[in-house]
C-alpha cells in the first residue's frame, strides 16, 4: 500500500543514514536514492545547484486537455488588451 512520501535532504550523509535506519525500524520504507521526481515536481542537480520545475506536470495537463499541439505564446493575451471593469472579457484599448 502506498501511503506517504518523505524527502530527506542535507549535507550530513551519516545523519541521513541514521534517520533512515530509525524510520525503517518503525515503517516499511523504500529508498529511491537521488530525488528526480516528487509530487509533480521534477528535480535536477548540477554544479550550480538544484533546479525544481513542473515541466512534466505541465505537459501532462496539456496532453489531458488536448492542447499539446498548440503553439506557445509569449503572453496569454495581447499586449494592448485589458480586462473590463464589468467582467472578464478583454477589451481593446
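So the values come out like this:
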{"quantity": "37, 57 arranged by Cβ crowding within 10 Å, fewest neighbours leading", "calculated": "37, 57"}
{"quantity": "Kirkwood hydrodynamic radius (C-alpha pairs) into Stokes-Einstein, the stretch 11-72, 20 °C and 1.002 mPa s, D in µm²/s", "calculated": "145 µm²/s"}
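Laboratory data are not the source of any read-out in this text; all were calculated from the coordinates shown. Because the structure is predicted, anything quoted here is derived from the model rather than measured. All Cβ positions, glycine included, derive from the backbone under ideal geometry; neighbour counts span all protein chains shown.
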